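Engineer: This is the structure I want to talk about, given as structure tokens.
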Amino acid sequence: MSEPSKSRNYAEIYDPLHRSILTGNLSGIAQRDERFEYNVCGGGKFVLWPGSGLQKKNTAGKKNAGKDNRKETETSGLPHWIVASERLETARKYLRIAAQIDHRWIESLAGQLIQKTFHEPHWNSETGYVHAYEKVSLFGIVIVPKRRINYGTVDPKRARDIFIQHALVEGDFSPDCIPQKASAFFVHNQHVLEEAKQIQDKLRKTGMIKPESFRYQFYQDRLPDEVYDRRSLEKYAKEHSVQELFMTLSDICTETADSFAFPDQLQTPETKYDITYRYAPGETDDGLTVIVPQEKIRQIDPARLGWLVPGLMEQKITAMLKSLPKDIRRRIVPIPDTVKDLLGKIRFGEGDIDGQLCKELTRITGSIVVPADFNAEQLPPELRMNIRVLDETGSIAGEGRDFISLRKAHAPVKETAAVSLPETAYYEKHHREIKTQIQYLPNVDRLKLYAQGLPEFDFYRSIGLLIAARAMPASAQSGGMVPAVQEVTKIIVPLLETYHQARRAVEQNRHHPAGQEAAEHLSRLTLSGFLVSTDWNWLQHFPRYFRAVPLRMEKLRSGGEAADRQAITELNRYWQQYLACAERHEAAGIVDAELAVFRWMIEEYRVSFFAQKLGTAVKVSPQRLDKQFEKTRQ
């Protein structure tokens, strides 16, 4: 027998030799634990025989290890998996005649002796399969502790149940990964489910969508047994029709919503705006939300938003009637019957809902009912339109239920006043003389201090332009410089003093909604160049307008918040009428004196609410305001 070649690589024969040994001695495998003991087939713990070559290899490793690494290498030389042909039990239990093996050999060599268990079956949307973890063991020794496998090949029925529940019912499925024919039913059914959710949001009811068990049973009754993952679904769809897997609304939802009563768009004469519905009490977007591009926000009539949609009219009117003062409510009970009567009389979307209701309630009660009688604060959020303003990129620029504030923030009216050229020329020609006259104003330094809060207000130039306007020969007074100075002095001194008082009152109440509204009101009165741009006849009343602000704040401290809110609601209605009309006139190049009168009548109406003792320059009431607005050019 020839001697083996010394050049032959030992590793070439090691694996096949020990695989052969392992085939005939599967019960001899042993697995090392975290220390130096080995778990053997059938149970029990053994250690390597001290004279084993594997043990000597480990001892050599310990001798070569440094002091710091000795503990770590104490068992590093011992193989994790071995096969031993002999077990010896003395005072200790030993394994003899052992060799290192690769545990990956065991599974293929053991064949039917291998035991497999499966646990944690789960759906994976990324792979499109139902997976589980497989544990492989032999004679009690775990060969593979946790290996992910396709569970459909092991238990198709259980895999099918999981696939239906998680992928199809719960919607954790990616239809883009398979052909359209196979995924069309899933996409359709998801749209039907979204439609059902929207109906529930529209009708503001819970329990309209059938439980998931109905959809689960729908697929159980129709999906073939051989379909349990993405691949099997794709294969089935190639050979069969999946039309029976398409759901209808009745399969998911117990009710439907009338498309007229709950439209998906808000129609205006100019365009349409998308409406979304959400039933989420307490959330900021609960109820209806109209989506408005920022560039079109001024095309919406605030009165139209008050109508909401036809399907919510009964709820809206009921809530509005309940917000009326008690003495009015007593005359319209029972409220459900009154609501039914009103629904038959008013016409949806025509004019202002407050105005239509007031007209009909006046008819029913026999006494005048005005919009200020409604307490808008008592209306639940879902009965007030939420407005979402989108910028040019489609991002949300602003959102809320106060349309007027949103419009002001995202599309303010360009009201900056311009000074006419003749007045400017007169001022430039006489500015030295005018400035000298201004310097003799009473307490001029204090007036300068008061004027610092006015926007873009140059003390000498702003007052000087007003003097120039009054001194010009073309003015109504046209008495020259001295009379003009005297006339302006009578106005400018109390105007600046009362403006200062109004600003202080607003600052002291800056965190209160009324204080914030008053600050906005002051800003409207004192636009850049307001001294010249405001008609002289109305400018003379500015001190009284400013005096009304502190008086309003005093009323708040004495418990007048409810009345204040009602007043603002009433004033805002007329102010919005003015803004809408002014915008139309501006676009058409119309100058309407009647509209200017209407604007200052609103100011007088404000004084009548907040500072009645100051009196008004003209008689004012809702009826007079409505009559004046009818005179404007529509």
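Derivation of every value follows stated rules applied to the coordinates shown; laboratory data play no part. Note that the coordinates shown come from a computational prediction; the quantities given were computed from them, not determined experimentally. Glycine gets a Cβ as well: all are built from the backbone with ideal geometry, and neighbour counts include every protein chain shown.
Engineer: Would you please give the residues with an amide H less than 5 Å from that of residue 141, counting only those at least 5 places away or on a separate chain, with H modeled from the backbone geometry?
Structural biologist: Here the answer is 42, since their amide H atoms fall under 5 Å of that of residue 141.
Engineer: How much FRET efficiency would the formula 1/(1 + (r/R0)^6) give for residue 45 and residue 12, where r is the Cβ-Cβ distance and R0 is 25 Å, rounded to 0.05? Please list the in-between numbers first.
Structural biologist: Numbers: r = 34 Å, r/R0 = 1.37.
Calculated transfer efficiency: 0.15.
Engineer: What length, rounded to one decimal in nm, is gained on full extension from residue 452 through to residue 249, with 0.36 nm per residue of separation minus their alpha-carbon distance?
Structural biologist: In short, 66.5 nm is gained.
Engineer: How do 205-214, 541-550, 382-391 rank on mean C-beta neighbours within 10 Å, highest first?
Structural biologist: The densest-packed peptide leads the list: 541-550, 382-391, 205-214.
Engineer: Oh, and also: Along each of its three principal axes, how wide is the spread of alpha-carbon positions in the stretch 510-634, in whole angstrom units, largest first?
Structural biologist: 45, 31, 26
Engineer: Run the quick spin-label model on residue 221 and residue 633: label points 7 Å from Cα toward the beta carbon, then report their separation in nm to one decimal.
Structural biologist: The modelled label-to-label distance comes out at 6.9 nm.
Engineer: With axes computed from alpha carbons, what is the tilt in degrees of helix 313-322 against the longest principal axis of the chain, rounded to the nearest 10 within 0 to 90?
Structural biologist: Long axis of 313-322 versus the principal axis of the chain: about 60 degrees.
Engineer: Mind checking which of 277, 247, 233 is farthest towards the positive end of the stretch 210-336's charge dipole, using Cβ charges of +1 (Lys, Arg) and -1 (Asp, Glu) about the Cα centre?
Structural biologist: Result: 277, furthest along the dipole toward the positive end.
Engineer: Using unit Cβ charges (K, R positive; D, E negative) and no other charged atoms, how large, in debye to the nearest 20, is the dipole of the stretch 495-545 about its Cα centre?
Structural biologist: Details: 5 positive and 5 negative charges, 19 e Å.
So the magnitude is around 80 debye.
Engineer: Quick one: 3J(HN,Hα) in Hz for the stretch 553-570, Karplus 6.51/-1.76/1.60 with θ = phi - 60°, rounded, Gly and Pro as x.
Structural biologist: 5, 5, 4, 4, 5, 9, x, x, 5, 4, 5, 4, 5, 5, 5, 5, 4, 5
Engineer: For the residue pair residue 444 and residue 271, what label-to-label distance in nm results when each label sits 7 Å from Cα along the Cα-to-beta-carbon direction?
Structural biologist: 5.4
Engineer: Right, something else. Could you work out the relative contact order of the stretch 532-634, using alpha carbon pairs under 8 angstrom and six or more residues apart, expressed as a whole percent? Don't jump to the answer; show the numbers that get you there.
Structural biologist: Details: 64 pairs, mean separation 33.3, N = 103.
32 percent.
Engineer: Taking +1 at the Cβ of each Lys and Arg and -1 at the Cβ of each Asp and Glu, which of 612, 538, 632 sits farthest along the dipole of the stretch 538-634 towards its positive end, judged by Cα position relative to the Cα centre?
Structural biologist: 612
Engineer: For the ranges 90-97, 610-617, 565-572, what's the packing order if you count other beta-carbon atoms within 10 Å of each residue, average per peptide, and put the highest first? All intermediate terms of the calculation are to be shown ahead of the outcome.
Structural biologist: Numbers: 90-97: 13.4, 610-617: 15.2, 565-572: 19.5.
Order by mean packing, descending: 565-572, 610-617, 90-97.
Engineer: Another question, if that's okay. Non-local amide H neighbours of residue 268 (under 5 Å, H modeled in plane, Pro and chain starts lacking H): which ones?
Structural biologist: 273
Engineer: Using the Karplus curve 6.51 cos²θ - 1.76 cosθ + 1.60 with θ = phi - 60°, what ³J(HN,Hα) values do you get for each residue of the stretch 597-614, in whole Hz, with x for Gly and Pro?
Structural biologist: Once rounded to whole Hz, the list reads 5, 4, 4, 7, 5, 4, 5, 5, 4, 4, 4, 5, 7, 9, 8, 4, 5, 6.
Engineer: The list (1) 1.70; (2) 1.02; (3) 0.96 gives values of Cα Rg over 2.2 N^0.38 Å, and only one came from this structure; which label was calculated from it?
Structural biologist: The listed entry that was calculated here is (1).
Engineer: Compute the angle between helix 421-439 and the longest alpha-carbon principal axis of the chain, please, reported from 0 to 90 degrees and rounded to the nearest 10.
Structural biologist: So the helix axis and the longest Cα principal axis differ by about 80 degrees.
Engineer: Which of the aspartates and glutamates could a cross-linker span from residue 202 if the Cα-Cα distance has to be under 17 Å and same-chain partners fewer than 8 positions apart are dropped?
Structural biologist: List returned: 194, 255, 258, 264, 274, 283, 285, 286, 314, 382.
Engineer: Once the Cα atoms of helix 180-203 and of the chain are each reduced to a long axis, what angle between those two axes, in degrees from 0 to 90 to the nearest 10, is obtained?
Structural biologist: 40
Engineer: Near residue 157, which aspartates and glutamates are there with a Cα under 16 Å away, not counting those fewer than 8 places off in the same chain?
Structural biologist: Correct list for residue 157: 120, 221, 225, 226, 229.
Engineer: Relative contact order for the stretch 422-517 using alpha-carbon pairs under 8 Å, separation at least 6, rounded to a whole percent?
Structural biologist: On the way: 73 pairs, mean separation 24.7, N = 96.
Relative contact order of the stretch 422-517: 26 percent.
Engineer: Report relative contact order for the chain in percent, whole number only (criteria: Cα-Cα under 8 Å, sequence separation at least 6). Please list the in-between numbers first.
Structural biologist: Numbers: 805 pairs, mean separation 43.4, N = 634.
Averaging sequence separation for qualifying contacts and normalising by length gives 7 percent for the chain.
Engineer: Moving on. May I ask you to derive the FRET efficiency for residue 261 and residue 322 from their Cβ-Cβ distance with R0 = 22 Å, giving the value to the nearest 0.05? Before the final figure, lay out each step's value.
Structural biologist: Values: r = 22 Å, r/R0 = 1.00.
For residue 261 and residue 322, the calculated efficiency is 0.50.
Engineer: Let me ask you something else. Which order, highest average first, do 270-282, 124-136 follow once you tally other Cβ atoms within 10 Å for each residue and take the mean per peptide? Mind showing how you got there, number by number?
Structural biologist: Working: 270-282: 14.5, 124-136: 17.8.
Descending mean neighbour count gives 124-136, 270-282.
Engineer: Roughly how big is the chain's charge dipole about its Cα centre, with Cβ charges of +1 (Lys, Arg) and -1 (Asp, Glu), in debye to the nearest 20? Could the numbers behind the result be given before it?
Structural biologist: On the way: 88 positive and 83 negative charges, 374 e Å.
The calculated dipole for the chain is roughly 1800 debye.
Engineer: Please list 3J(HN,Hα) in residue order for the stretch 122-134, calculated via the Karplus relation 6.51 cos²θ - 1.76 cosθ + 1.60 where θ = phi - 60°; whole Hz, with x for glycine and proline.
Structural biologist: 7, 8, 10, 5, 5, 8, x, 10, 8, 9, 8, 9, 9
Engineer: Calculate, in nm to one decimal, what residue 102 and residue 359 gain on full extension: separation in residues at 0.36 nm each, minus their alpha carbon distance. Walk me through the intermediate numbers first.
Structural biologist: Working: separation 257, 0.36 × 257 = 92.52 nm, distance 9.36 nm.
Length gained, residue 102 through residue 359: 83.2 nm.
Engineer: Select from 572, 598, 585 the residue farthest towards the positive end of the dipole of the stretch 561-616; place +1 on Cβ of Lys and Arg, -1 on Cβ of Asp and Glu, and compute about the Cα centre.
Structural biologist: It is 572.
Engineer: Run the numbers for residue 585 and residue 80: contour at 0.36 nm per residue of separation, minus the present Cα-Cα distance, in nm.
Structural biologist: Numbers: separation 505, 0.36 × 505 = 181.80 nm, distance 9.12 nm.
Stretched out fully, the residue 585 to residue 80 stretch lengthens by 172.7 nm.
Engineer: Using a simple spin-label model with points 7 Å from Cα along the Cα→Cβ vector, what separation in nm is obtained for residue 617 and residue 527?
Structural biologist: Once both label points are built, they end up 1.7 nm from each other.
Engineer: Using R₀ = 22 Å, calculate the FRET efficiency as 1/(1 + (r/R₀)^6) where r is the Cβ-Cβ separation of residue 157 and residue 115; round to 0.05. All intermediate terms of the calculation are to be shown ahead of the outcome.
Structural biologist: Details: r = 22 Å, r/R0 = 0.99.
The pair residue 157/residue 115 has a calculated efficiency of 0.50.
Engineer: What's the magnitude of the charge dipole for the stretch 85-169 around its Cα centre, counting Lys and Arg as +1 and Asp and Glu as -1 at the beta-carbon? Answer in Debye, nearest 20. Walk me through the intermediate numbers first.
Structural biologist: Values: 13 positive and 9 negative charges, 47 e Å.
Result for the stretch 85-169 is approximately 220 debye, rounded to the nearest 20.
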